[in-house]
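S.K.: The structure's right below; bear with me while I get my questions together.
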Amino acid sequence: MAHKAAPAYDKLVFELSSPGRQGYALPANDVPGAADGVPAKYRRTIPAALPEVSEFDVVRHYSRLSRMNYGVDTHFYPLGSCTMKYNPKLNEDMARLPGFIALHPLAPDAASQGALTLMYELGRMLSEIAGMDAVSLQPAAGAQGELAGVLMIRAYHASRGEKRTKVLIPDSAHGTNPASTALAGYEVIEVKSTRDGEVEIDDLARHLDETVAAFMITVPNTLGNFEPRIIEITNLCHSKGVQVYMDGANLNAILGIARPGDLGFDVCHFNLHKTFTTPHGGGGPGAGPVGIKAHLEPFLPTPVVVKNGEVYALDWKRPKSIGKLQAFWGNFGMLVRAYTYIRTMGPDGLRAVSDNAVLNANYVMKRLEQDYDLAAPGPCMHECVVSARRQKKHGVTAMDIAKRLLDLGFYAPSTYFPLIVEEALMIEPTETESKQTLDAFCDAMIQIAREAERAPDLVHEAPVTTPVRRLDQTKAAREPDLKWTG
Amino acid sequence: MANVPADLRYTKDHEWAKPEGERYRVGITAYAQEQLGDVVFVELPKVGAKVTAKQSFGVVESVKAVSDLFAPLSGEIVEVNGELPGAPQVVNQDPYGQGWMIAIAPSKADEWKELLTAAQYEQFLTEGH
Amino acid sequence: MQRYLANTPAEQRAMLDTIGAPSIEALLARIPAKARLPRALDLPAAAAELELIREMRALAAANADVNGYACFLGGGSYDHFVPGVINHMILRGEFFTAYTPYQPEASQGTLRTIYEYQTMMAELTGMDVANASIYDGASSLAEAALMAAAVTGRSDVVLAAGVNPLYRRVTQTYCDGPRIKLRTVAAPDGTIDLDAARKLVDGTKTAALVIQTPNFYGCLEDIAAAAEIAHAAGALLVVAADPVNLGVLEAPGRLGADIVVGEGQGIGVPMSFGGPSLGVFAAKKALVRRMPGRLVGATVDLDGQRGFVLTLQTREQHIRRAKATSNICTNVALCALMATIYVATMGTQGLIEVGEQSAAKARYAADRLTSIPGVSLRFPAPFFKEFALKLPVSPDRVVGKLLKQRILAGVPLKRFDRALGDCLLVAVTEKRTRAEIDAFADALRKAVA
């Protein structure tokens, strides 16, 4: 008998609304006097049209919506460059301790010693992990860490009376690198990578002169490989007075193995939502602390957490500071989670993280090498990039493969990145996935490669098991419908 | 092979220009719109703006790509295609006709001669650009 | 074996055999010896779950949180009530452990909640479109300044002195690279000096006039008057507003705002020592292609069924790179989800009640506190839920004394403005009780006596 699946849930919370239904209960106002303190000229004239639903409406609606998502808790999520590892539940409990979650940012220093201690210690731990002299915890995400780092470099050059106007960035870089650099007021110059995603040192050397402020590079690079001549590169940059910035998106590969500071980097940012297990939350929040060498310390964002004897304080007297990045001190809730994680793992545990991340990525790479073209020869570090150029000859693209994976019960790798690889599929398994999961994923990838040859329509049709099928992106962009209008 | 009308001239950035009396009509080629995919947005200058040959005069976007539009000729914008904001799809449907973008009153008439002929542009495309 | 790692030594061995490598060390061969860390990281040894819980509880207990203290602190973060249902819903792993919805077919849950969020924020602010979130109120304001400069092709931004000084500092950081000049209009009576603003807003240079309402001092600004000044000069009006107040206060969009930004922490996001919070960003439709951040749009799938996608992505860094409207990538989607569930739970009436109670309790508190000899309101302008008090003794000393009585008395303004060294900024939300306010007044009376 043919079995027809139940139709997918298709409600918005506004469509559940029933006038007069209520989902909250507040205590009655217990102070005398009405709210006549607010003059009429400031008052809202038409009540906001918001949903009127019961608490249970809310619970069922958002429970049902959640089931229309794949997440790390439910699905293997090999999104390259994003380090979609397990997010420990203990972190959540710790971040919700009342002393952390219900703490006001402008509480006096004497009333927030526990929070300041945690920030101070986390800064020290991240400095040790990256081989840096100081860390600012303030940036809200990686891109803001980049902005902070590049602004500190700018302030450093300015303090020495140097006018440098350009920043060099490889063509394989994340989009935030050029965007953050341009926002910091620099001209972005793209330098070429080799086919394996490594820096073309001759091309780099040609560009290095007294107009260049910084070279910004991801290590391991976006093809998942460690740059073998990295120390030569940072030395070359320094010999021309150029600062070197490391995008730390791929730090999960080198914990306890190599440290950006030891490699010669002046600045690097951390993505706590990647390497340090804070949850990705459907797109954020993240946290993007930035580590620096001592010569950049005067320029750190304000305030800086300092320790005076046994007392911790926020130090605002930083006349050379680049300023502030967010109103308060950083995404503190994420800092609690990262601190919890680092304390859970310890030095040996963190080293084992990278060992296993590298092992898992190489295992996937090996298992796929017969059926997909590798973007670069192995061994890789924590992620591998394969190309669907062979499948494309049968009309099956990287996007088609991504969609078919959804039907087979896996989220998709990053697609079409890095830009220097045709039909790129960037796979980052992370250390928290087991061999069994990786085998199931590789089996699915190999199955799709066979389907691309024998039954490409099956791949083109995908996905068919998801709540919706492929969506009309063109319509969405031509006729933007960005809010519900009833 | 994409359609390359013989009576137009072309740039290496895939714009075309067509003489119409004292002015030139400008758009993007059939090849360009194929490469972009479904055009979703076109940003054009205002009438009266000055443009310089080989400099950007606007932007054309598909869902996942953006291309600058480069002026084939220097001069003043005397007309823009007011239909495009509401119907960007005509750039895909009729790139040499209803999908035109701007009309330029040229300030340097000699620049026309520097543009590629249809034969040269076809050659340029077969070389794999 | 570490509990967050998956593979046993036997499984590792089997994987290495498949790879054809003798050891994990062999896979690291590309890293030159001189690049290797020759020792273990110098970090505290791993702590077992129970040990760590004890350690973390001790750290947390060293803080004065609002469960054990009556909180009258504001200045950009507010102790509003967060219904318990929010935490339960956001902890569903399908929301919590997903990332940016790059594969829309497997991310409809996140995409739908963002679309709901955009709708709610557009409605509350009275604007046409809202984005999927920016980091916080301050960085939203900074992005608005950048956007106004890009839209108008002008280089100056005029800010009212009442705009939160922390926001102004962030905006300065963001405007440094693009060389946007910030100018400040004084607020001698607590609100923007409109005559001074008229002189400072320039018809050729000013990209935007920026006000916040209620402003940092708690005072209500005249949005319509500011809009008139901005628009007469061809500049945009940027309004920073707190959405939790907008059940009661007029939507800035109806009074002429072109861009509305704000800190959304008050609508369902815990204070968490200042972050993560929620940057709200909304604008007029004509400006949508210059907006920073992600946008979710409705569309249809192959079968014609309604579905949602990230759209207008060509504005963003992953496509436009150095020319993107903003460098933002990761945003604060989960905080936006908290806000969405908050607004759904509270509804029209709930937000009105939160606003009315906050305003009424603030009024009551101001009356009680200013009945103390030597204590007065610093500014004559009408306020909403927050006000600056002038004290006869050092505000820092008062704060220290009241802390011992489990009262977080307010924010001394000395750090933000030396001219206000004798002032304390006091915020009152719907959570405060009459008993707490009375106890605060009694304690203050003794402290200043």
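S.K.: With respect to B:G21, determine if the residue is modelled with pLDDT of 95 or more and at positive phi. Even if it seems obvious, please write down each step before you answer.
M.R.: Numbers: modelled with pLDDT of 95 or more: no; at positive phi: yes.
Answer is no for this residue.
S.K.: Follow-up. Give just the number: which of (1) more than 14 Å from the chain's Cα centre (by Cα); (2) away from every other protein chain (no Cβ under 14 Å); (3) in contact (Cβ under 8 Å) with a residue 24 or more places away in the chain does B:S62 not satisfy?
M.R.: (2)
S.K.: Restricting to segment C:62-78, name every residue that is surrounded by 15 or more Cβ atoms within 10 Å (Cβ to Cβ) and at the interface with another protein chain (Cβ under 7 Å from one of its Cβ atoms).
M.R.: Pass one, segment C:62-78, residues surrounded by 15 or more Cβ atoms within 10 Å (Cβ to Cβ): C:62-66, C:69-78.
Once the filter is applied, which keeps residues that are surrounded by 15 or more Cβ atoms within 10 Å (Cβ to Cβ) and at the interface with another protein chain (Cβ under 7 Å from one of its Cβ atoms), segment C:62-78 yields C:A62, C:N63, C:A64, C:D65, C:V66, C:C71, C:L73, C:G75, C:G76, C:S77.
S.K.: Among the candidates C:M121, C:M127, which residue alone is more than 7 Å from chain A (Cβ to nearest Cβ) and not in a helix (DSSP H, G or I)?
M.R.: Numbers: C:M121 fails: not in a helix (DSSP H, G or I).
Sole residue among the options that is more than 7 Å from chain A (Cβ to nearest Cβ) and not in a helix (DSSP H, G or I): C:M127.
S.K.: Among the residues of segment B:104-123, write down those that are surrounded by fewer than 21 Cβ atoms within 10 Å (Cβ to Cβ) and either within 20 Å of B:N3 (Cα to Cα) or among the aliphatic types (A, V, I, L, M) (or both).
M.R.: Once the filter is applied, which keeps residues that are surrounded by fewer than 21 Cβ atoms within 10 Å (Cβ to Cβ) and either within 20 Å of B:N3 (Cα to Cα) or among the aliphatic types (A, V, I, L, M) (or both), segment B:104-123 yields B:A105, B:A109, B:L115, B:L116, B:T117, B:A118, B:A119, B:Q120, B:E122, B:Q123.
S.K.: If a residue has to be small (G, A, S), assigned to a loop (DSSP other than H, G, I, E, B) and more than 7 Å from every other protein chain (Cβ to nearest Cβ) to count, how many in segment C:249-307 make the cut? Let's see the steps before the verdict.
M.R.: As a first pass, look at segment C:249-307 and keep what is small (G, A, S): C:251, C:253, C:256-257, C:262, C:264, C:266, C:268, C:272, C:274-275, C:277, C:279, C:282-283, C:286, C:293, C:297-298, C:304, C:307.
Those still in the list that are assigned to a loop (DSSP other than H, G, I, E, B) too: C:251, C:256-257, C:264, C:266, C:268, C:275, C:277, C:293, C:304.
Subset that is more than 7 Å from every other protein chain (Cβ to nearest Cβ): C:256-257, C:264, C:266, C:268, C:277, C:293, C:304.
Residues that pass the stated criteria total 8.
S.K.: I've got another one for you. For C:Q349, indicate whether it is more than 9 Å from chain A (Cβ to nearest Cβ) and without any contact (Cβ under 8 Å) to a residue 40 or more places away in the chain. Walk me through how you get there before you give the answer.
M.R.: Working: more than 9 Å from chain A (Cβ to nearest Cβ): no; without any contact (Cβ under 8 Å) to a residue 40 or more places away in the chain: yes.
No: the conditions fail for C:Q349.
S.K.: Looking only at residues in segment A:326-355 that are under 30 Å from C:S133 (Cβ atoms) and of a type in the set (G, A, S), which one is surrounded by the fewest Cβ atoms within 10 Å (Cβ to Cβ)?
M.R.: Residue satisfying both the conditions and the ranking: A:A338.
S.K.: Please give the number of the condition C:G304 fails out of (1) crowded, with 21+ Cβ neighbours inside 10 Å; (2) on the phi > 0 side of the Ramachandran plot; (3) free of Cβ contacts under 8 Å to residues at least 24 places away in the same chain; (4) not charged (D, E, K, R).
M.R.: (1)
S.K.: Quick check on segment C:135-172: of everything there that is among the basic types (K, R) and within 14 Å of chain A (Cβ to nearest Cβ), which residue is nearest to C:V280 (Cα to Cα)?
M.R.: Across segment C:135-172, the extreme among qualifying residues is C:R168.
S.K.: Right, next: For segment C:360-396, give me each residue that is within 25 Å of the chain's Cα centre (by Cα) and either part of a strand (DSSP E or B) or closer than 14 Å to C:R445 by Cα (or both).
M.R.: Scanning segment C:360-396 gives C:F383, C:E386, C:F387, C:A388, C:L389.
S.K.: Turning to a different aspect of this structure: Answer yes or no as to whether C:A286 is hydrophobic (A, V, I, L, M, F, W, C) and surrounded by fewer than 24 Cβ atoms within 10 Å (Cβ to Cβ).
M.R.: Answer is yes for this residue.
S.K.: Let me ask something else. Looking at (1) facing chain C (nearest Cβ under 8 Å); (2) in contact (Cβ under 8 Å) with a residue 24 or more places away in the chain; (3) closer than 21 Å to A:W484 by Cβ; (4) not acidic (D, E), which one does A:Y9 not meet, given that it meets all the others?
M.R.: For A:Y9, the exception is condition (1).
S.K.: Of a type in the set (D, E) and under 19 Å from A:M125 (Cα atoms): which single residue out of A:D348, A:D371 fits that description? Give the derivation first.
M.R.: Details: A:D371 fails: under 19 Å from A:M125 (Cα atoms).
None of the other options fit; the residue is A:D348.
So that you can scan it fast, the table gives a plain yes or no per residue for (1) closer than 30 Å to C:V398 by Cβ; (2) crowded, with 24+ Cβ neighbours inside 10 Å; (3) in the same structural domain as C:N164 (by TED's automatic domain parsing); (4) out of contact with any helix residue (DSSP H, G or I) (no Cβ under 7 Å at 6 or more places or on another chain):
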residue	(1), (2), (3), (4)
C:F96	no, no, yes, no
C:Y99	no, yes, yes, yes
C:T113	no, yes, yes, no
C:E116	no, yes, yes, no
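S.K.: Can you name the condition, by its number, that C:T314 falls short on among (1) more than 7 Å from chain A (Cβ to nearest Cβ); (2) hydroxyl-bearing (S, T, Y); (3) under 19 Å from the mean Cα position of the chain (by Cα)?
M.R.: (3)
S.K.: Which of the residues that make up segment B:75-99 are of a type outside the set (A, V, I, L, M, F, W, C), in contact with a strand residue (DSSP E or B) (Cβ under 8 Å, 6 or more places away or on another chain) and farther than 23 Å from B:V4 by Cα? Give the steps one after another, and end with the answer.
M.R.: Step one: list which residues in segment B:75-99 are of a type outside the set (A, V, I, L, M, F, W, C), which gives B:75-76, B:79, B:81-83, B:85-86, B:88-89, B:92-99.
Next cut, in contact with a strand residue (DSSP E or B) (Cβ under 8 Å, 6 or more places away or on another chain) only: B:75-76, B:79, B:81, B:85, B:88-89, B:92, B:95-96, B:99.
Residues satisfying the conditions are B:G75, B:E76, B:E79, B:P85.
Residue by residue, here is whether (1) crowded, with 24+ Cβ neighbours inside 10 Å; (2) modelled with pLDDT of 95 or more; (3) more than 7 Å from every other protein chain (Cβ to nearest Cβ); (4) part of a helix (DSSP H, G or I) holds:
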| site | (1), (2), (3), (4) |
| --- | --- |
| A:T45 | no, yes, no, no |
| A:A48 | no, yes, no, no |
| A:H61 | yes, yes, yes, yes |
| A:T74 | no, yes, no, no |
| A:F100 | yes, yes, no, yes |
| A:E128 | no, yes, no, yes |
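S.K.: Do we have A:D266 as more than 13 Å from chain C (Cβ to nearest Cβ) and either of a type outside the set (S, T, Y) or surrounded by fewer than 24 Cβ atoms within 10 Å (Cβ to Cβ) (or both) here?
M.R.: Numbers: more than 13 Å from chain C (Cβ to nearest Cβ): yes; either of a type outside the set (S, T, Y) or surrounded by fewer than 24 Cβ atoms within 10 Å (Cβ to Cβ) (or both): yes.
Against the criterion (more than 13 Å from chain C (Cβ to nearest Cβ) and either of a type outside the set (S, T, Y) or surrounded by fewer than 24 Cβ atoms within 10 Å (Cβ to Cβ) (or both)), A:D266 qualifies.
Residue-wise test of (1) β-branched (V, I, T); (2) crowded, with 19+ Cβ neighbours inside 10 Å; (3) within 14 Å of chain B (Cβ to nearest Cβ); (4) not in a loop (DSSP other than H, G, I, E, B).
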residue	(1), (2), (3), (4)
A:Q391	no, yes, no, yes
A:R404	no, yes, no, yes
A:F410	no, yes, no, no
A:F417	no, yes, yes, no
A:T430	yes, yes, no, no
A:I446	yes, no, no, yes
A:L458	no, no, no, yes
A:P467	no, yes, no, no
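S.K.: To continue, here is another question. Looking at segment A:356-368, which of the residues that are surrounded by 24 or more Cβ atoms within 10 Å (Cβ to Cβ) and facing chain C (nearest Cβ under 7 Å) is nearest to A:R96 (Cα to Cα)? Show your work before the answer.
M.R.: Restricting attention to segment A:356-368, the residues satisfying the condition of being surrounded by 24 or more Cβ atoms within 10 Å (Cβ to Cβ) are A:356-365.
Okay, now just the ones that are also facing chain C (nearest Cβ under 7 Å), so A:356, A:358-359, A:362-363.
Details: A:N356: 30, A:V358: 33, A:L359: 34, A:N362: 37, A:Y363: 37 Å.
Out of the qualifying residues, it is A:N356.
S.K.: Here's another thing I want to ask about it. Go over the candidates A:M94, A:M84 one by one and state the one that is at the interface with chain C (Cβ under 7 Å from one of its Cβ atoms) and either under 24 Å from A:P467 (Cβ atoms) or of a type in the set (F, W, Y) (or both). Step through it out loud before you land on a result.
M.R.: Details: A:M94 fails: either under 24 Å from A:P467 (Cβ atoms) or of a type in the set (F, W, Y) (or both).
Sole residue among the options that is at the interface with chain C (Cβ under 7 Å from one of its Cβ atoms) and either under 24 Å from A:P467 (Cβ atoms) or of a type in the set (F, W, Y) (or both): A:M84.
S.K.: Could you please give the count of residues in segment C:79-106 that are within 7 Å of chain A (Cβ to nearest Cβ), of a type in the set (V, I, T) and either closer than 10 Å to A:G281 by Cα or in a loop (DSSP other than H, G, I, E, B) (or both)?
M.R.: The number of residues fulfilling the criteria is 2.
S.K.: Here's another thing I want to ask about it. Check whether at least one residue in segment C:410-428 is over 22 Å from C:L166 (Cα atoms), buried (at least 20 other Cβ atoms within 10 Å of the Cβ) and not small (G, A, S), and report yes or no.
M.R.: Of the residues in segment C:410-428, the ones over 22 Å from C:L166 (Cα atoms) are none.
Within segment C:410-428 (the criterion being over 22 Å from C:L166 (Cα atoms), buried (at least 20 other Cβ atoms within 10 Å of the Cβ) and not small (G, A, S)), the answer is no, since none of the residues qualifies.
S.K.: When you scan segment C:397-416, do you find a residue that is outside any helix (DSSP H, G or I), in the same structural domain as C:M121 (by TED's automatic domain parsing), among the charged types (D, E, K, R) and modelled with pLDDT under 95, even just one?
M.R.: Within segment C:397-416, the subset outside any helix (DSSP H, G or I) is C:404-416.
Still in the running and in the same structural domain as C:M121 (by TED's automatic domain parsing): none.
Within segment C:397-416, none of the residues are outside any helix (DSSP H, G or I), in the same structural domain as C:M121 (by TED's automatic domain parsing), among the charged types (D, E, K, R) and modelled with pLDDT under 95.
S.K.: Go over the candidates C:E11, C:E51 one by one and state the one that is assigned to a helix (DSSP H, G or I), farther than 30 Å from A:N235 by Cα and facing chain A (nearest Cβ under 7 Å). Before the answer, list the steps.
M.R.: Details: C:E51 fails: facing chain A (nearest Cβ under 7 Å).
Going through C:E11, C:E51 in turn, just one is assigned to a helix (DSSP H, G or I), farther than 30 Å from A:N235 by Cα and facing chain A (nearest Cβ under 7 Å): C:E11.
The values are calculated or read from the model by the stated rules, or taken from the named source; none is laboratory data. These numbers come from a predicted model, not from an experiment. Every residue, glycine among them, receives a Cβ derived from its backbone with ideal geometry; neighbour counts consider all protein chains shown.
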